[in-house]
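Chemist: Sending over a structure as structure tokens; questions will come in a sec.
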Amino acid sequence: MAYSEDLRMPAVKHYLESGDTFEQTAKIFGVGKTTVRSWVQQYEKTGTVAGKPLRLGHKKIDPEELRTYVREHPDDTQEEMAVVFGCTNQAISKALKRLKITRKKKRAAIRSKTRKR
């Protein structure tokens, strides 16, 4: 759970000014002692107690790039795509599912090939 700066800063100031332990400060503010310790360390290192910004969107695989790549290279396997994008086969698989891109052949085409024998 992410705590707001309105809770973090008073907890850090209380710890630094009162001389209480991490445990006592944590009990007063209703958070864990490890949490207070990390806030104090962050404040001493950076001068702020702001939380990390949320990272939204794609991490490694850009959806539009993948869509374009699949359009241009329809016969490539997921393993080959993983090499191109620098990730794992599983990451490609999940990205394709997210984009609703199927890699399976249509059943009618498979049946017609087997019946011609």
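Chemist: Which of rounded, prolate or oblate describes region 5-46 when judged by the alpha-carbon gyration tensor and an a/c cut-off of 1.5?
Modeler: It comes out rounded by the Cα gyration axes.
Chemist: Averaging sequence separations of C-alpha pairs under 8 Å and six or more residues apart, then dividing by the length of region 55-104, give the relative contact order as a whole percent.
Modeler: Reported as a whole number, the value is 35 percent.
Chemist: Mind sorting H73, H14 by how few other Cβ atoms lie within 10 Å of their own Cβ, fewest first?
Modeler: Least crowded to most crowded, the residues run H73, H14.
Chemist: Among V36, V31, which comes first, then next, by fewest other beta-carbon atoms within 10 Å?
Modeler: Details: V36 25, V31 17.
Ranking V36, V31 by Cβ neighbours within 10 Å, fewest first, gives V31, V36.
Chemist: Additional query: Can you pull the one-decimal nm distance between simple spin-label points at K27 and T68, each 7 Å off the Cα toward Cβ?
Modeler: Inter-label distance under the simple model: 6.0 nm.
Chemist: What is the ratio of the Cα radius of gyration of region 27-82 to 2.2 N^0.38 Å, where N is its residue count, to two decimals? Let's see the in-between values first.
Modeler: Numbers: Rg = 21.6 Å, N = 56, 2.2 N^0.38 = 10.2 Å.
Dividing the Cα Rg of region 27-82 by 2.2 N^0.38 Å gives 2.13.
Chemist: For region 55-104, restrict the atom set to alpha-carbon positions and state the Rg and Dmax in Å.
Modeler: So, for region 55-104, Rg and Dmax equal 10.0, 33 Å respectively.
We did not get these values from a lab; they are worked out from the coordinates using the rules stated. Note that the coordinates shown come from a computational prediction; the quantities given were computed from them, not determined experimentally. Ideal geometry is used to build each Cβ from the backbone, glycine not excepted, and the neighbour counts take in all protein chains shown.
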